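Notes follow once the structure below has been shown.
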Amino acid sequence: MFTTHGPIARGVVVAALTVAAPLSGMADDLPQPTGDVVLRVTGDIAVTNAEGAAVLDTQMLADIGETTFSTTTIWTEGEQSFTGVELEDLLDALGVDGGMLEARALNDYMVEIPVSDAVEGGPIIAYLRNGEPMSIRDKGPLWIVYPYDLNTDYASELIYSRSIWQLDRIEVVR
Amino acid sequence: MPFTRRHRYLRTLAIAALAIAGVVVSVALGGEVLRKLRLLETAASDNIQWTLSQVEVEYLDLAIAIEQFQLGRTDDLDTVRREFDIFYSRIRTLSEGDLYAGLREQPAFARQLSVIRDFLDTSVPLIDGADDALARELPVLFEDMLDTRTTVRELAATGLGYFAQQADLRREEIADTLFYLAILTIVVLTGLFAASVVLFRLNRSNEARARTIEAASRRMETIVNTSLDAIVVSNRTGRIIAFNDAAEIIFGYKREQVIGQLMSEIIVPPHLRNAHEAGMERFRTTGEKRVIGQGRIKLEAMRSDGSVFPAEMAIESAEGSDGEIFVGYLRDISHRVKAETDLVEARDKAVAGEKAKSEFLAVMSHEMRTPLNGLLGTLALLKGTKLSAKQAQYVDNLEVSGGLLLTHINDVLDVTKYEAGKLDVDFVPTDLSALVRSVVDNQRDLASASENTIEWSWVGKPLPPVMTDPQRLRQVLINLVGNAVKFTRGGRIRIEIGAVPQGGGADVTITVSDTGIGIAPEDIDRLFEDFETGDRSYGRARNGTGLGLGIARRLTRALGGTIGAESELGEGSTFWIDLPLDYASDPVETGTKTKLPARPAQAQSILVIEDNEINRTVLREMLIADGHRVVEAEDGLQGVHLAQSAAFDLILMDISMPVLDGVAATELIRSTPGPCQTARIVAVTAHVMPGEVSRFTEAGMNGVLSKPIDRARLRQLLVAQETTTEPALSETGLVDPGRLAEFRSEIGDDLFAKLRQTFVDDGDALVAMLSAGGEGPTQVADRCHKMAGAAAIFGAGPLREALKTTESACREGVSEGRLADLIATLVPLWADTRKAVLSDTGAPVAL
């Protein structure tokens, strides 16, 4: 899909560079992805690197900030170590300060995550499980994981429903 | 009260337990409900159903992707691969997720899952392989996939069915829980309602109690602070915790000075501190209370200036908020103690004064009767000489006046005797008719002189002889009739004797009525008081000692009767005496004492021992006139010598004499062998105080002739000597029980017991001394003499004789061997006598 829309996305970025740069000067903060794009954020964001969107590869996510914790999940067996970027850090980086995230997966599963969920010590967008990148079969490449064991508030079906795997898109809505 | 308190405690406990149980169950059940509600809430999120339905959706997505490729609509195998991976991921979630652990235990689901996994695992190498191989083998893969189509559908259906069932179970559980919760809520609400009712009532009663306690406390505070007694409260360690206003005044401390101080150091005087501390210590260790709760006790307390004062104190213990406390109520009784002391002193003085008065009267009677004796005796002698008619009249006048004086003295003596409880009454068979007649005869001349008629009669039948003391009764009647005669002029005096039979005798009433001046009713009661002479006219007319009716009353009482009077002014008076009298079993002795007895036929030789010359002369002259031979002695010693030199038929012995008194002289005569050792000895004395007569007889005298001497009695004495045999000393045994009983009744049981003890102690001491030896003969004689006197008092004749013998032997100079013999006799005799005296119980003895 990214491959399909690759040239368009590039065009958007160029346009953003020429049009948005003088206005915000923040486009420079978000470099262009060098690896495969794993996440595309659209909607009410202040920082973009493509046409109305921020496209990110795994390295870019890691650069924003890397967090690791261990927890069990109801979908896996035994304790798992997850590494990824905190949702808060990502939203900060994208200049999101409120509203609702509409997160979508490869299988078009969509769930709404309020921006208020994005707190320090809260959910991360994981790209490593037990130190290994996750394949699609392993619910990869991105999986929003809450530290279920660290905070019992997260051991609820609502949070479980927000724990979207095979994540590839986020739209920020007000 | 403890039961109520316990009851209340238990009730509170029960409510508390109920409340705690309610809370625990509520929390537990509430928690359960909340947990289930949350489960219910999360079940509504539908995640599981979505996941399960997604299995089929993603299976179909894969199928569509493969079909699209096979139909040539796309040559992109990536979509196939992605859809495969997604499907794979979904199945893996079902295979591995904890959420589906329960579901996986369902055999159908496990089998279906296994089939699908087999397909996926088989297909993975192809999917992961090269594009051309995948493109070539895709139709085969698709065929395999379609084979699992039914299984995928069944898997989803099985899962959904399972979770639906789980949801149902959970709903049922929740329903049950809610039901229990509802019941519990009702129970808890009911409980809460009950509790609030109880609490409301408790609160109300607590408020009421608090108000009561506050009021009581205020009242108590007022009481404590207005108490006139000091109130000092201390705790268990003896430290003062409260000190009221009165305590401040009594002890002279300010409250703040003493609070917290040791009570023993503040108010207990130093000499009582050890005892106080010991008491407190004893109480602390053993709980024994000797002072506490024992009511009022008297002790001493100390003021702030160190002065000690007598106090009356009561201590109670009570339970305070900090353990046991002691509440002491203390009163300064200095004034009371002083008043008591003063009262005792005053009483002692009064008693001493009374005694002095009595002694004075006794002495005066003696001192007055002795010269009167001389006077009357001399008059009697004068009467026997030749006198002119005029002289005879003067002598008569003198005799009347002397007799009157003697009566007054006897009145005074009677009062003294009565007050000493020693008024002798001698009950003998008495003919009342003769008695009253003699009184009438006695008074007839006086009555005539006042132009009064006097008469007497029985009301009803005359009584047979009765038992009474005729001398005393006569004295009373003469007094009453004498009064009647004196206060009546030209009237009538009437004596009536009435009797009402009563048991073995009769209640006799003798009334003396006159038609005289009478007495005001309000004065009647006072008539019988001593020194009371009625109204002034009575006093003038009587011109007496004022003792007449007082003595009459005393004598009547001594006779066991009562006396009274009724009168109106100007209407005359009626005096009456009531006497309960027994009939006499013996006939009345004949012969009157008022008539001069015949002179004895035989002249006797008489020794008169008397120091007063006049009295001696009177006696001598009277006796010589009757033809007797008389020898005189001027004192006791002289008398004893004479008695030992010659035999006499009779010795008249004065008592109070210089050198040797009558009693001692008698003892000497009796104890010394001589011509007069057994001669009759009669005391001649004005000593008429109680106890004296028995002392004389104990000394060995045979009778008493009281002064002043009159010829009649003297003759009677000498006649009696002729006709009666000499009364021998009673020697019924070692101790004369009659004498002992008499002595006991004379002095009373208490004094008797005391004297008897002294007697026994003296005897023991004497015997011990004699047995030990080593004393000089004079000392032994003195001791024996003293003991002999005591033995006489206790009627111990043989002992007395033995002591006398020993005394005489010692005085005459005795050999050692003789003395040893005497002592050998004395020792067992004393032991027996001692036993006999001590065995006397005061029970009546047959005489």
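Can you compute the FRET efficiency between residue A:59 and residue B:164 using 1/(1 + (r/R0)^6), with r the Cβ-Cβ distance and R0 = 51 Å? Round to the nearest 0.05.
Numbers: r = 46 Å, r/R0 = 0.89.
That gives a FRET efficiency of 0.65.
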Subject >> Euclidean distance of C-alpha centroids, the stretch A:117-174 and the stretch B:619-677, integer Å >> reply: 159
**OP:** Over all alpha-carbon pairs in the stretch B:204-250, figure out the percentage whose distance exceeds 12 Å.
**Re:** 66
**OP:** Could you tell me how many degrees, from 0 to 90 and to the nearest 10, lie between the Cα long axis of helix B:797-812 and the main elongation axis, the longest principal axis, of the Cα atoms of chain B?
**Re:** 70
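Report, in deg cm²/dmol and to the nearest 500, the calculated mean residue ellipticity at 222 nm for the protein assembly as shown, where each DSSP H run with n ≥ 4 adds -39500 (n - 2.57) and the sum is divided by the residue count. Working shown, then result.
Details: 33 runs with 563 residues, N = 1021.
Mean residue ellipticity, 222 nm, calculated: -18500 deg cm²/dmol.
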**OP:** Would you please state which residues of the stretch B:298-333 a label at residue B:209 would reach in this model, taking the label point 7 Å out along Cα→Cβ and a backbone N cut-off of under 17 Å?
**Re:** B:319-321
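Using the Cα gyration tensor of the stretch A:39-174, with a ≥ b ≥ c the square roots of its eigenvalues, what is the shape: rounded (a/c below 1.5), prolate (a/b larger than b/c) or oblate (neither)?
Details: a/c = 1.56, a/b = 1.38, b/c = 1.13.
Prolate, because a/c is 1.5 or more and a/b exceeds b/c.
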Subject >> Global geometry of the stretch B:390-458, whether rounded, prolate or oblate, following the gyration tensor of its Cα atoms and the 1.5 cut on a/c >> reply: oblate
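For the cross-link pairs B:357/B:754; B:254/B:349; B:357/B:804; B:357/B:707, which exceed 32 Å when the distance is taken from alpha carbon to alpha carbon? Intermediate values should be presented prior to the final figure.
On the way: B:357/B:754 26 Å; B:254/B:349 44 Å; B:357/B:804 38 Å; B:357/B:707 22 Å.
Cα-Cα > 32 Å for B:254/B:349; B:357/B:804; rest within.
Taking 37 °C and 0.692 mPa s as the conditions, I'd like the Stokes-Einstein D for the protein assembly as shown in µm²/s, using the Kirkwood hydrodynamic radius from alpha carbon pairs. Intermediate results must be reported in sequence, preceding the final value.
Working: Rh = 45.3 Å.
It diffuses with D of about 72 µm²/s by this estimate.
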**OP:** Mind giving me the nanometre distance, one decimal, between the label points for residue B:345 and residue B:644, set 7 Å out from Cα along Cα→Cβ?
**Re:** 5.5
Subject >> Debye-sum result for chain B in log10 I(q)/I(0), which assumes one identical scatterer on each alpha carbon, at q = 0.10 Å⁻¹ >> reply: -1.17
**OP:** List every residue whose amide H lies under 5 Å from the amide H of residue A:39, counting only residues 5 or more places away in sequence or on a different chain, with H placed 1.01 Å from N in the peptide plane.
**Re:** A:56
Subject >> Label-to-label distance, nm, for residues given as residue B:448 and residue B:502 (7 Å Cα→Cβ offset) >> reply: 3.8
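Would you mind classifying the stretch B:338-413 by shape? Square roots of the alpha carbon gyration tensor eigenvalues, ordered a ≥ b ≥ c; an a/c under 1.5 is rounded, otherwise it is prolate if a/b is larger than b/c and oblate if not.
Working: a/c = 7.80, a/b = 4.58, b/c = 1.70.
Since a/c reaches 1.5 and a/b is larger than b/c, the shape of the stretch B:338-413 is classed as prolate.
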Subject >> Tilt relative to chain B, helix B:636-645 - C-alpha long axis, 0 to 90 degrees, to 10 >> reply: 60
**OP:** Pop the C-beta distance of residue B:805 and residue B:557 into the FRET formula with R0 = 56 Å and round what comes out to the nearest 0.05.
**Re:** 0.75
Subject >> Label-zone membership for the stretch B:662-677, site residue B:812, 7 angstrom Cα→C-beta point, backbone N under 17 Å >> reply: B:667-677
Original post:
Given 0.36 nm per residue, what is the gain on full extension from residue B:441 to residue B:719 after removing their alpha carbon distance, in nm?
Top reply: 97.4 nm
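So if R0 is 30 Å, what FRET efficiency would residue B:382 and residue B:471 give, r being the distance between their Cβ atoms, rounded to the nearest 0.05?
Values: r = 28 Å, r/R0 = 0.95.
The calculated FRET efficiency here is 0.60.
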**OP:** Along Cα→Cβ, 7 Å out, is where each label goes; now give me the distance between the ones at residue B:408 and residue B:426 in nm to one decimal.
**Re:** 2.8
Original post:
Relative contact order for chain B using alpha-carbon pairs under 8 Å, separation at least 6, rounded to a whole percent?
Top reply: 6
Subject >> Relative contact order of the stretch B:423-583, defined on C-alpha pairs under 8 angstrom at six or more residues apart (%) >> reply: 25
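Length gain on complete extension for the stretch residue B:274 to residue B:614, per 0.36 nm per residue less the alpha carbon to alpha carbon distance? The partial results should precede the final answer.
On the way: separation 340, 0.36 × 340 = 122.40 nm, distance 7.44 nm.
Taking residue B:274 through residue B:614 to full extension adds about 115.0 nm, to one decimal.
Output the relative contact order of the stretch B:777-847, whole-number percent, from Cα pairs under 8 angstrom with separation of 6+ residues.
31
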**OP:** Give me the number: length gained by fully extending residue B:121 to residue B:771, i.e. 0.36 nm times residue separation minus the C-alpha to C-alpha distance, one decimal in nm.
**Re:** 219.4 nm
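Quick note: the coordinates plus some simple rules give every number you see, no bench work behind them. From a predicted model like this one, the values you see are computed outputs, not experimental measurements. Positions of Cβ are generated from backbone atoms using ideal geometry, with glycine treated the same way; all protein chains shown enter the neighbour counts.
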